Amino acid sequence: MEFTPLHFLDQPIEVSFDSPLVRLKTPPCPDGFTWEGQDYRVTEKLSEWTDFTRRGRMARNMQPQHAAVAAERGSLGVGRFYFRVRVDTGQVFDLYYDRAIKDVDDRLGHWFLYRELSEIRNL
């Protein structure tokens, strides 16, 4: 299956899980989410990937040997977990969990609806 971006959204969402999370900072694909007051149920996880790129000043504050390890595993407050999902409406979305620490009282990270995709159908 191939997909092309349809709408860039990058908006915060609330996610739900059918089972309690074991690790909050390395979550699995959510079972559902709420966006703009509408509930969506994930019917299929199409793919998943991670991005542990250090951005901004975080990219310059680590020794090279440590940065190489962090690029594979992530480090405190750095990293995004992406999920491409099909939902109960038939739409396909990319979601991500950004584990960046916003401040001392907001350390858990946040979920975002990255974009809506359209499936490319080959004839």
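Any read-out appearing in this document is the output of simple, stated calculations on the displayed coordinates, not a laboratory observation. These numbers come from a predicted model, not from an experiment. Glycine also receives a Cβ, built like all others from the backbone with ideal geometry; neighbour counts cover every protein chain displayed.
Label positions at residue 1 and residue 41, each projected 7 Å from the Cα along the C-beta direction, are separated by 1.7 nm. Seen from residue 9, the other residues with C-beta closer than 12 Å to its C-beta sum to a net charge of -3, counting Lys and Arg as +1 and Asp and Glu as -1.
Could you work out the local net charge near residue 90, counting Lys and Arg as +1, Asp and Glu as -1, over the other residues with Cβ closer than 11 Å to its Cβ? It would help to have the intermediate numbers written out before the result.
Values: positive: 86; negative: 44, 88, 119.
In short, -2.
Here 22, 78 are placed in order of increasing Cβ neighbour count within 10 Å, fewest first, which gives 22, 78.
Residues 7, 110, arranged from fewest to most other Cβ atoms within 10 angstrom of their Cβ, appear as 7, 110.
Ordered by the number of other Cβ atoms lying within 10 Å of each residue's own Cβ, fewest first, 84, 41 fall into the sequence 41, 84.
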